[in-house]
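Here's the structure we're looking at; comments come further down.
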Amino acid sequence: MYKGIAASRGIGIGSICLLSEHDLSFENKKVEDIEAEKKRFNDALEKFKEETTIQAADVRQRIGAKEAEIIEGHLVMASDPAMSGEMLKLIENGQCAEGALSSVCDMFYGMFSSMDDEMMRQRASDIADVKTSILKILLGIEDVDISKVAPGTVLVTRDLTPSMTSQIVKENVVGIITEVGGKTSHSAILARALEIPAVLSVPDITKLVKDKDTAIVDGNEGEIYINPDGDVLSSYIIKREQFIKKQAELKNFYGKKTVTADGTELDLYCNIGTPKDAKKALECDGEGIGLFRSEFLFMDNNHLPTEDEQFEAYKEAVEIMAGKEVIIRTLDVGGDKAIPYLNMKPEENPFLGYRAVRYCLGNKDTYMVQLRALVRASAYGKVKIMVPLVTTVDEIREVKSMVAEIKKDFDEKGIKYDPEIKVGCMIETPSASLIADLLAKEADFFSIGTNDLTQYTMSVDRGNSDVAYLYSAFQPSVLRSIKYIIESGVKAGIPVGMCGEAAADPLMIPLLMSFGLTEYSVNPVLVLTARCIISKWTKEEADALAAKVLSLPTEKEIVATLKAAAKE
Ligand code: PEP
Ligand code: MG
């Protein structure tokens, strides 16, 4: 078994077609006939543009508009007169077409690949893709025609470029394995759009396999098997069937409300990091945003985003969600989230230090900018402000009084906002949990952050693998805490949600239903799974299971009991 990155879900079993790397070396010779060389280059460029235009139109029709834009991006690059102008200049100075193309592309590649921004780094791989395609035309290299591979093929290649992916016929390719590429690479995006299981970044895989080998591609776990024995093969044939059945069942939940088996409607929201992710939340059928981690806006910048910059970002998310609720968490800086330009002092215990609301209330000018942007964005939809890492009642009071001050200022200046804008607490510390009854009197809503609540309750660093065996939201202490928080919120009549990872855990969902949780905020890709699980439980069944589980003394027994009761 080999491990890689699980980039596109599903299980594929098939016969390998190894797409070998071509030798793209060339002699960087000085050319004599400059005009002929310029024509050779221009002809190759034209051919590339023609082929890419056809490919883009084909992808638009077969896969989708968003995916076609990736291919069209290559066309834009190749059509950029600045880029081709540079190449022609080099040819005029006597360089051959291949050399000119490589020099200019390599220069841009170096520039983009060294940038911190993931999008910019993706540009670098697009440039490399364009360079390879044009180089092949110049060198007269014919690729394997991916569009003609036989049904049941698993493609194995060093790097699957968007131009290669765009030729894939979904019915024939059952799996993709590569040596490079990550979850957010364009190839991964295209593989997901085509719904072909893919495992990327498997070291040396092109050297470990040959054509016609049998491969299992487990895109759920990021595992592959080459020429597996009979037992492994038959277990994966069963797993594949189960997966296909499950996916078909999940599709039935698209566009439906989130309802328990006995008819109670719940809210199923999404966690996002950027305004654009709101589109994904909608595509995945999320009913709102339960956690917009605003710190990404700060981390992806080299300066503190201004009030206008923040306002535009929040407004974008709010407008995309078109009237659906958007819960935006204020800056959760510190701990494991560093923002270099804030020049925060190094700390002995960053997770217990000057972070999140503590930092914000200590830097009120900065916090005021964010709160003003949030209150302004509330004029465009249903915005809720959520305060992270609350440990005392004073903190939530202080934030509320800052929001009141902003409202007063906006009233005086005639700036639009939603007068009903809510301010709530994340409950993610043992302190907040123990005083949930007191906080519920001050906060407009609660959202339970189980990622941190588990960390702090269990005293385990959530990133430390040595103590990971203790890091579980199913520990009796964490479960008691969750129960108390939900009951305190319900008693005070405020909405209680959960935005930690546990909200999407099929084993946790019936317990949360029993405790009275009404809003579940999950990764967009898990919306349908969560909706499906919720649909299977009645309150009575969930209560019986919860009563049993709460009487158990260890996490192991709790998980075993939940697994035995699970409804697939
Ligand atoms: C949490 O702590 O559960 C949470 C949702 O926030 P984060 O993972 O960003 O700390
Ligand atoms: Mg947290």
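In table form, for the structure just shown:
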item	result
Share, in percent, of DSSP beta bridges within the chain that are antiparallel, nearest 5	30
The stretch 8-164: radius of gyration and largest Cα-Cα distance (Dmax), Å	16.9, 55
Shape box of the stretch 242-400 [Cα atoms, principal axes, largest first, Å]	52, 36, 33
Rounded D (µm²/s) - the stretch 241-286, Kirkwood Rh over Cα pairs, Stokes-Einstein at 4 °C, 1.567 mPa s	105
Sites residue 319 and residue 568, calculated FRET efficiency, Cβ-Cβ separation with R0 30 Å, nearest 0.05	0.20
Nearest-0.05 FRET efficiency for residue 354 and residue 491, computed from C-beta distance (R0 30 Å)	0.35
Estimated vicinal HN-Hα couplings, Hz - the stretch 166-171 in sequence order (Karplus 6.51, -1.76, 1.60; Gly, Pro = x)	5, 8, 5, 9, 3, 5
Measure of compaction for the stretch 105-244 (Cα Rg per 2.2 N^0.38 Å)	1.13
For the stretch 356-439: Kirkwood Rh in Å [reciprocal of mean 1/r, alpha carbons]	13.3
Binned Cα-Cα distance frequencies in the chain - 10 Å width, integer %	3, 15, 22, 23, 19, 11, 5, 1, 0
Stokes-Einstein D in µm²/s, Kirkwood radius over Cα pairs - the stretch 341-404 at 37 °C with 0.692 mPa s viscosity	252
Longest exposed-site-free window of the chain, the sites being chymotrypsin sites (Phe, Trp or Tyr not before Pro) in a DSSP loop that have at most 16 other C-beta atoms within 10 Å	27-253
In the stretch 380-462, the trypsin sites (Lys or Arg not before Pro) that fall in loop regions by DSSP, at most 15 other Cβ within 10 Å	416
Angle in degrees between helix 34-62 and the longest Cα principal axis of the chain, rounded to the nearest 10	40
Globularity index of the stretch 470-547, i.e. its alpha-carbon radius of gyration over 2.2 N^0.38 Å	1.04
Reach of residue 256 by Cα under 17 Å, taken over aspartates and glutamates that are not fewer than 8 positions away in the same chain	265, 267, 283, 285, 287, 519
Cα-based helix-to-principal-axis angle, 65-79 vs the chain, degrees rounded to 10	40
Entries in 257/382; 280/408; 38/170 that, when Cα-Cα distance is taken, lie over 30 Å	280/408; 38/170
Convex hull of the stretch 392-435 built on C-alpha atoms - directionally averaged projected area, nm²	3.3
Once the Cα gyration tensor of the stretch 354-496 is diagonalised, semi-axes √(5λ) in Å	31, 17, 12
The stretch 184-252, Rg to Rh (Cα coordinates; Rh as Kirkwood inverse mean 1/r)	1.00
For the stretch 173-325, the Rg and Dmax computed from alpha carbons only, in angstrom	20.5, 62
Sites residue 120 and residue 397, calculated FRET efficiency, Cβ-Cβ separation with R0 45 Å, nearest 0.05	0.60
The stretch 38-126 - convex hull of alpha carbons, volume per residue in Å³	85
Relative compactness, the stretch 1-83, computed as alpha-carbon Rg over 2.2 N^0.38 Å	1.59
Helix-only CD estimate at 222 nm, as mean residue ellipticity for the chain, using -39500 (n - 2.57) per DSSP H run (n ≥ 4)	-15500 deg cm²/dmol
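FYI, it's all coordinate maths here, none of it is from the lab. Not measured: the values here are computed from a predicted model. So basically every Cβ, Gly included, is an ideal-geometry build from the backbone, and we count neighbours across all protein chains shown.
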